[in-house]
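Worksheet: one structure, shown below.
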Amino acid sequence: MTKNIVRIFLFFVFGISLHAQNFTFIPDHTALTGSPGEEMVFEVPLTNVSDLTLTLFVKRTIDSLPQNWYSSMCFDQGCFAPFVDSVATTTDFGSSPLAPGETRDFSIHVLADSFNSGTAYLRLLAGDTRNLADTIGLDLFATVIPVSVKDEEMTPSFELKQNYPNPFNPSTVISWQLTTVGHVALKVFNAVGKEVATLVDETLGAGKHSIVFDAGRLSSGVYFYRLSSLTFSETKAMMILK
């Protein structure tokens, strides 16, 4: 007997530092995966790195969401209605211009529907109101994907490693280790669970194995790779950035 569960993957992209001439817009991560009904939060603080007082704006230029999902933008602890697509560090939005060296908390919240899996794609544009050429663009992905697993406990017969590099373009290495000889399949799925590639489908010996995955024909976004045998399966997330 099987049941559907949702495995929660937090797929972090560390070290991303997005700088404009006078400010930074640095995300804590650019892709999240959660469970149905969960609120996923991207923290993207704005920091004034100039010697001037700045009035900054953030626009949500793409808000592509699965059915019955919504997203909203927030300054500090205050969030705006989902239909508000542009905010600024002004009193109109309960904020104020940033002094030199000051940081203002900004976040965007994505609430997944309890019944619909899929991927939300959001694009943000941050800029200086006095210098519209000084802007930063940022792509964010929030995903819910169902995974079927057996109810009974299963003894792992292998270990699946995180792909490297990650994020990647266009290729990455996927590695795993088998404890026994057996037939295994390594497949890649998109964010809605559709199979997009079969990398391995054969009997392999015990030991370490790896394969190069070329994603040149795939678009940017979150993907999942699953290694499975007759007794066990494991899934990990990866991200293509083009």
Going through the range 198-230 in order, the residues found to be surrounded by 14 or more Cβ atoms within 10 Å (Cβ to Cβ) and more than 18 Å from P167 (Cα to Cα) are L199, V200, L204, H209, L227, S228, S229
Among the residues of the range 40-53, the number that are surrounded by fewer than 22 Cβ atoms within 10 Å (Cβ to Cβ) and not charged (D, E, K, R) is 7
Residue pairs qualifying under the 9 Å Cβ cut-off, at least six apart or on distinct chains, with the first in the range 158-172 being closer than 16 Å to A31 by Cβ and the second being of a type in the set (D, E, K, R) and in a loop (DSSP other than H, G, I, E, B), are N169/K242
Over the range 64-110, the set of residues in contact with a Cys (Cβ under 9 Å, 6 or more places away or on another chain) and either outside the structural domain of L132 (by TED's automatic domain parsing) or among the charged types (D, E, K, R) (or both) is D105
Note on the range 205-214: residues under 10 Å from L186 (Cβ atoms) and either among the hydrophobic types (A, V, I, L, M, F, W, C) or not assigned by TED's automatic domain parsing to the domain that holds Q162 (or both) are I211, F213
Checked F25, F12 against criteria (modelled with pLDDT of 90 or more and among the aromatic types (F, W, Y)); the one match is F25
Of those in the range 102-134 that are touching a residue at least 24 places away in the same chain (Cβ under 8 Å) and more than 23 Å from E43 (Cβ to Cβ), the residue surrounded by the most Cβ atoms within 10 Å (Cβ to Cβ) is S117
If we keep only residues of the range 232-242 that are touching a strand residue (DSSP E or B) at 6+ places or on another chain (Cβ under 8 Å) and assigned to a loop (DSSP other than H, G, I, E, B), then the residue surrounded by the most Cβ atoms within 10 Å (Cβ to Cβ) is F232
Subset of the range 20-55, residues charged (D, E, K, R) and more than 30 Å from N116 (Cα to Cα), comes to D51
Would you mind stating whether A126 is more than 24 Å from the chain's Cα centre (by Cα) and over 18 Å from L65 (Cβ atoms)?
-> no
- Query: If you check L160 against the conditions, is it at pLDDT 85 or above and not assigned by TED's automatic domain parsing to the domain that holds F224?
  - Reply: no
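The values are calculated or read from the model by the stated rules, or taken from the named source; none is laboratory data. The structure displayed is predicted, hence computed values, not measured ones. Positions of Cβ are backbone-derived with ideal geometry, glycine not excepted, and every protein chain shown enters the neighbour counts.
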